[in-house]
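One structure is given here, and the rest of the page talks about it.
The values are calculated or read from the model by the stated rules, or taken from the named source; none is laboratory data. On a predicted model such as this, the values are computed, not experimentally measured, just so you know. Neighbour counts run over all protein chains shown; Cβ positions are idealised from the backbone, glycine included.
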Amino acid sequence: MVSEYLKERFGTKVYKLSLSSGCTCPNRDGLIGMGGCTFCSEGGSGEFAAPPLPLEDQIRLARKRVDAKIPARIPPDERRYIAYFQSFTNTYVRTEAERIKLRSLYTEAVRRPEIAALSIGTRPDCLPPEILDMLADLQKVKPVWVELGLQTVHEKTAAAIRRGYSLPVFEKAVRDLKEIGVEVIVHVILGLPGETREEMLETVRYLAELHVHTAHSNNTPSAELPAGSGRAIDGIKLQQLQILRGTPVGEQYLQDPFPVMTLDAYCALIRDCLDLLPEDIVIHRLTGDGPKSLLIAPLWSADKKRVLNTMKRVLNTT
């Protein structure tokens, strides 16, 4: 799990600071589509992020929230954090001025002594050469993680959720990122409308195969990753579909409810997903907890303690 991995890698417990880059998304501004992916909230899945203030102010506010969880025995100047830019598409720039501003923001982040790593959430279709050059330069200062929102390997589901790119685009993004030495974390949503349990497992199985350097799209082998690139997928985030108010999938559910997994069924699915994954893929997330004020379903996800206890019980059952 990620907490143990971070402690081993950095020699101390590392905490995540949710920050804002100020980027929007090509699936919202009309370049690809309008309104974003059907599951994405108005906050771009970043409701818990600091407001888009100057970085120093963002970090101060984020640390105020996070530091309450850190034992007092750890002095403030010894605490380490991940600068995490989650909401919207954090490598999407439309002008040269925006690109320069984004480079300046991330450079400031990696140069701060309390920041152990930089984690950037983005779309696979928003990694042009100039952005890859920026990430390569940042990687020379601190570890850089790029989180790619794959969600599903199935093109029919991708079209239904308005993802806006095809699977080969994702595969190219992974190859490009590995060529510059950036670590790749893949986000998967379980329980998307219309997907069967086996189809969800096929997405995880695909990532396990990609990890060993051969990707598959519609059962057709695609290009291998570069020789010597090491791990193809460094980490994975698994979470249940969060059906939120104000989203297209939320409206769909309210008008014509579709099946939602029970907590026990979800935990059993997670157990089977983990059985498919190589041991050296770091598990960054096993469940999601969206804003309770927007949550329509599954309501059990709002009780995080219950979710974690149930998951622990199911995963420990042989």
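Listing for the model above:
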{"item": "In the stretch 144-183, the residues that are surrounded by 21 or more Cβ atoms within 10 Å (Cβ to Cβ), under 19 Å from Leu31 (Cα atoms) and of a type in the set (Val, Ile, Thr)", "result": "Ile161"}
{"item": "Selected residue (criterion: surrounded by the fewest Cβ atoms within 10 Å (Cβ to Cβ)) from residues of the stretch 1-45 that are part of a helix (DSSP H, G or I) and under 18 Å from the mean Cα position of the chain (by Cα)", "result": "Ser3"}
{"item": "Checking Ile283 against (1) modelled with pLDDT of 95 or more; (2) surrounded by fewer than 20 Cβ atoms within 10 Å (Cβ to Cβ); (3) farther than 25 Å from Ser87 by Cβ, the condition it does not meet", "result": "(3)"}
{"item": "Residue identified as in a strand (DSSP E or B) and surrounded by fewer than 21 Cβ atoms within 10 Å (Cβ to Cβ) among Ile236, Ile296", "result": "Ile296"}
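Every residue, every condition in (1) within 25 Å of Gly235 (Cβ to Cβ); (2) in contact (Cβ under 8 Å) with a residue 60 or more places away in the chain; (3) of a type in the set (Phe, Trp, Tyr); (4) in contact with a Lys or Arg (Cβ under 6 Å, 6 or more places away or on another chain), yes or no:
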{"site": "Leu53", "(1), (2), (3), (4)": "no, no, no, no"}
{"site": "Thr91", "(1), (2), (3), (4)": "yes, yes, no, no"}
{"site": "Pro128", "(1), (2), (3), (4)": "yes, no, no, no"}
{"site": "Val141", "(1), (2), (3), (4)": "yes, no, no, no"}
{"site": "Val146", "(1), (2), (3), (4)": "yes, no, no, no"}
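A quick yes/no check of all residues on (1) under 19 Å from the mean Cα position of the chain (by Cα); (2) of a type in the set (Val, Ile, Thr):
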position: Arg80; (1), (2): no, no
position: Thr89; (1), (2): yes, yes
position: Ala97; (1), (2): no, no
position: Ile100; (1), (2): no, yes
position: Glu108; (1), (2): no, no
position: Arg111; (1), (2): no, no
position: Leu118; (1), (2): yes, no
position: Thr122; (1), (2): yes, yes
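A quick yes/no check of all residues on (1) in contact with a Leu (Cβ under 9 Å, 6 or more places away or on another chain); (2) exposed (fewer than 14 other Cβ atoms within 10 Å of the Cβ):
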site	(1), (2)
Arg73	no, yes
Arg99	no, no
Leu102	no, no
Ala109	yes, no
Met134	yes, no
Lys142	yes, no
